[in-house]
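Written out below as structure tokens is the structure these notes cover.
The values are calculated or read from the model by the stated rules, or taken from the named source; none is laboratory data. Not measured: the values here are computed from a predicted model. All Cβ positions, glycine included, derive from the backbone under ideal geometry; neighbour counts span all protein chains shown.
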């Protein structure tokens, strides 16, 4: 889930930024130090949207930088259990489909792709349902539910399922809707 958070922290502004306006130097330093980082409690820090306040700076011994207490707003993303997400399949392997959801990649394990027996075509990297004939390949846009989240330093694991009504490839969902309209 994407969230805008209000954060109080301390930022190190290095001497190379002393010639900039204070707000600009603080924002650039925050961007360099925080954006793209992961925190297991908060998620992925995406972007600093606004610097709200900057306090009086302190110079630390043996460090030429100034440390400012700051309050700022930022956009963060943290996947949550049972959240429904849209994503793009970025890699298909024999054990599942890696899917990009926001700034993270998640795995739809082969057992969670569909309620049909599946064959895997390694040459073309495609999963095919044996009875239904529906396919899942790289580049497909999918709707899935998050069933597992483990965020940590360096590694994050997000597990998805598509084995529920209205989940799966958008192509399958639209085809299913058209078929139901024809039946009526």
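A few points about this structure:
- Segment 129-184, residues that are under 13 Å from residue 86 (Cα atoms) and free of Cβ contacts under 8 Å to residues at least 24 places away in the same chain: 166
- In segment 96-104, the count of residues that are in a strand (DSSP E or B), farther than 30 Å from residue 5 by Cα, within 16 Å of the chain's Cα centre (by Cα) and modelled with pLDDT of 95 or more is one or more.
- Screening residue 119 against (1) in contact (Cβ under 8 Å) with a residue 12 or more places away in the chain; (2) part of a strand (DSSP E or B) leaves a single unmet condition, (1).
- Scanning segment 51-63 for residues that are assigned to a strand (DSSP E or B) and surrounded by 13 or more Cβ atoms within 10 Å (Cβ to Cβ) returns 51, 54.
Conditions tested, residue by residue: (1) within 18 Å of the chain's Cα centre (by Cα); (2) within 26 Å of residue 157 (Cα to Cα); (3) in contact (Cβ under 8 Å) with a residue 40 or more places away in the chain; (4) in the same structural domain as residue 155 (by TED's automatic domain parsing).
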site: 29; (1), (2), (3), (4): no, no, no, no
site: 40; (1), (2), (3), (4): yes, yes, yes, no
site: 47; (1), (2), (3), (4): yes, yes, no, no
site: 50; (1), (2), (3), (4): no, no, no, no
site: 62; (1), (2), (3), (4): no, no, no, no
site: 71; (1), (2), (3), (4): no, no, yes, no
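- Options 168, 148, 152: the member that is within 21 Å of the chain's Cα centre (by Cα) and exposed (fewer than 11 other Cβ atoms within 10 Å of the Cβ): 152
- Residue in segment 127-145 that is surrounded by the fewest Cβ atoms within 10 Å (Cβ to Cβ), counting only those that are touching a helix residue (DSSP H, G or I) at 6+ places or on another chain (Cβ under 9 Å) and under 16 Å from residue 100 (Cβ atoms): 141
- Unique match (being in contact (Cβ under 8 Å) with a residue 24 or more places away in the chain and surrounded by fewer than 12 Cβ atoms within 10 Å (Cβ to Cβ)) among 66, 81, 101, 113: 81
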